[in-house]
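Contents: one structure, followed by commentary.
The values are calculated or read from the model by the stated rules, or taken from the named source; none is laboratory data. Small disclaimer: the values here were computed from a predicted structure and weren't measured. All Cβ positions, even for glycine, are placed from backbone atoms using ideal geometry, and neighbour counts span all protein chains on display.
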Amino acid sequence: MKTNELKTIQDLIVLSARERPDKAWLKEKAGKEIAEKTFGQLLEDTLRISAWLQDQGDGVIHAGLLGTSSIAYITALLGCVINGNVAVPIDPQLSPEEIRDNLNRADVTVLFYDRRFQPLVESMRSTCPWIKSYVLLTTEAGTGSLGEILEKNAPAKKASVGPRQCACILYTSGTTGKSKGVMLSHANLIDNATCCDNEGSENDILLTVLPIHHAYCLTCDVLLSLRYGATLCINDSLIRLTQNIQLFKPTKMLLVPLMVETIYRRIMVEKKKNPLIPMKVIGRKVFGKDLGVIFCGGAYLSPELTKAYEKMGIPLLQGYGMTECSPRIASSSQADPSTGEDVGRVVKNCRVKIVDGEILVKSPSVMLGYYKNEAATREMFTEDGWLKTGDLGYEKDQRIYITGRRKNLIILSNGENISPEELENRFAGSEWMAEIMVYSENGQITAEAYPFPEYAAKAETLFRRKVEEINKSVTPAKRILRMRLRDTEFEKTTSRKVKRSQSGGKGRLL
Amino acid sequence: MLDKIREIMTRYVELDPEQIQEDSRLAEDLALTSFAVMSMMGDFEEEFGITVDESELTDIYTVKDIMDYLEKKQA
């Protein structure tokens, strides 16, 4: 596919269908069978969805998607985007309140949802009057299902879509505790999906494992496999990752450091039990014999892990990015791997400069802005239009080296960004607590509290109870795993703000 | 049941089976990541012939919770 012909996601879908109409693009388990969708069917189905969306209101429709990767989900997402409507994929692990809030703030009027959200959708019908239509994400025909839309609507004509039009709104953690909707245009996503040369082929088989509401998965699994005419197989659940690797025999996978670490730990336990079996043999048993490379991004990856995977014969290639950059800023390839210390080479069309130690970026992949949040958008850019990544680091020979973070986000090894303030706010109303700070310690979310002196005796019990209560209300990745209790106040700046970087870790570990 | 669970769990943690207690907390005491818990549930699926639904795992904190869950699934 000639990348200079690609301006929009519509072009990508149309060209891939023209080049390989009958080749299977998507594959997933359907009972004991494997369901497939060809590139040709994808074009037709997305245009059918677009025809249906035309009847759902005037102007551009914002359609929410609530669920995990599936053929139906990906078809619906691209069906929203192909003729200029906007897809809003929502993190399915959020609480019902957060889901409603995200849908509301993105002006969603149509919602595609997985069957397991049926009870939530029933309650939303009365509490979310702004949502006019709900579509069950199943290809089986039935009232209110995607299958019904595909059956009853003829494909729409291709509409004219401008590259600068918004294609997706993806939520990302805000530093003030409220998530922000990142608007990515067609041009943003296409630029990022074409920012590296020779990074795929039609013989590739990708197993998509990461959550589809993340830009990394959207660009590097979905759009890249479309660009190269590769096959994209769907991992239906992390529970069955090992089984799905055996079933689909992927040649490439995108993972986050947490997964790479966990799988490695398991391999090492196996190795200790069977020291005579070579690492390569154990590696092949877990990853299948066809896996040629793992791409890793979203969080810090230790150089030791890269070396360990090398011993198993599986190159672990690192990249660096953020949702606001669609997401790639730097990337590495087998021909040009990172040295282990850097996070990859700056991608094509992207410029990087360092100001006061912070990495700034200018590129066609940089977002349009945060949806309906001009103040936050302004804050993200310098006056001359450079995006502030919030990461501290340096650049040498076009390679990026990360040294720390300026902003307050906790980045977990699964790539989830967590705002400490969001968790701190959940302690509000605890009458025993004078001050609280949440941060990451040894890779685990830690809460450190300073109780009012009169509660000193009961503080531990009250603290534990509160943490237990919070942990029940947040997604597993956000749970507080360590607690520290202190008997002195946190150190403050002159403006009475807690000095985050210097204050943590002084309390007694519970 | 506990012995079988311990045997599977030792694929993920470097501990002797008897160090894994019913009241051991998965994240805090055994240092299991959320992804390790998921992978482990995949092993239990095969071992016990059950189907695990991701959304049912949110209330699982301890080894005892796993035992209760598997017992309920097998019933």
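Remarks
- Set A:Leu65, A:Leu103: member being crowded, with 19+ Cβ neighbours inside 10 Å and free of Cβ contacts under 8 Å to residues at least 40 places away in the same chain: A:Leu103
- B:Asp3 vs. criteria under 9 Å from the mean Cα position of the chain (by Cα), away from every other protein chain (no Cβ under 12 Å) and either in a helix (DSSP H, G or I) or of a type outside the set (Phe, Trp, Tyr) (or both): no
- You will find that of A:Ser50, A:Ser16, the residue that is part of a helix (DSSP H, G or I), closer than 29 Å to A:Trp130 by Cα and outside the structural domain of A:Gln243 (by TED's automatic domain parsing) is A:Ser50 and no other.
- All conditions in (1) in a strand (DSSP E or B); (2) within 14 Å of another protein chain (Cβ to nearest Cβ) hold for A:Met259, with the sole exception of (1).
Let's see how each residue does on (1) farther than 26 Å from A:Glu310 by Cβ; (2) out of contact with any His (no Cβ under 7 Å at 6 or more places or on another chain); (3) without any contact (Cβ under 8 Å) to a residue 24 or more places away in the chain:
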| position | (1), (2), (3) |
| --- | --- |
| A:Asp336 | no, yes, yes |
| A:Asn349 | yes, yes, no |
| A:Ser365 | yes, yes, no |
| A:Leu368 | yes, yes, no |
| A:Glu374 | yes, yes, yes |
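- Filtering region A:477-487 to residues that are touching a residue at least 60 places away in the same chain (Cβ under 8 Å) and at the interface with another protein chain (Cβ under 8 Å from one of its Cβ atoms) leaves only A:Ala477.
- Contact annotation: residue pairs with Cβ atoms under 7 Å, 6 or more positions apart or on different chains, pairing a residue in region A:148-170 that is part of a loop (DSSP other than H, G, I, E, B) with a partner that is among the hydroxyl-bearing types (Ser, Thr, Tyr) and modelled with pLDDT of 95 or more, are A:Ala156/A:Ser50; A:Val161/A:Thr8; A:Pro163/A:Thr8; A:Pro163/A:Ser185; A:Arg164/A:Ser185; A:Gln165/A:Ser185.
- Considering residues of region B:28-51 that are in a loop (DSSP other than H, G, I, E, B) and surrounded by fewer than 19 Cβ atoms within 10 Å (Cβ to Cβ) only, the residue nearest to the other protein chains (Cβ to nearest Cβ): B:Glu28
- Failed item, numbered, when A:Tyr394 is tested on (1) among the hydroxyl-bearing types (Ser, Thr, Tyr); (2) within 22 Å of A:Arg328 (Cβ to Cβ); (3) buried (at least 20 other Cβ atoms within 10 Å of the Cβ): (3)
- Answer from A:Ser419, A:Ser430, A:Ser440 - the residue that is hydroxyl-bearing (Ser, Thr, Tyr), out of contact with any Phe, Trp or Tyr (no Cβ under 7 Å at 6 or more places or on another chain) and crowded, with 21+ Cβ neighbours inside 10 Å: A:Ser419
- Taking region B:57-69 as the range and being more than 10 Å from chain A (Cβ to nearest Cβ) and in a helix (DSSP H, G or I) as the test, the residues that pass are B:Val63, B:Lys64, B:Asp65, B:Ile66, B:Met67, B:Asp68, B:Tyr69.
- The listed residue being in contact with a Ser or Thr (Cβ under 7 Å, 6 or more places away or on another chain) and more than 14 Å from every other protein chain (Cβ to nearest Cβ), out of A:Glu460, A:Glu421: A:Glu421
- Selection count where residues are within 14 Å of chain B (Cβ to nearest Cβ) and either touching a Gly at 6+ places or on another chain (Cβ under 9 Å) or on the phi > 0 side of the Ramachandran plot (or both), scope region A:216-254: 9
- If you filter region B:10-24 down to residues that are more than 9 Å from chain A (Cβ to nearest Cβ) and in contact (Cβ under 8 Å) with a residue 12 or more places away in the chain, you find that the one that is nearest to A:Ile480 (Cα to Cα) is B:Ser24.
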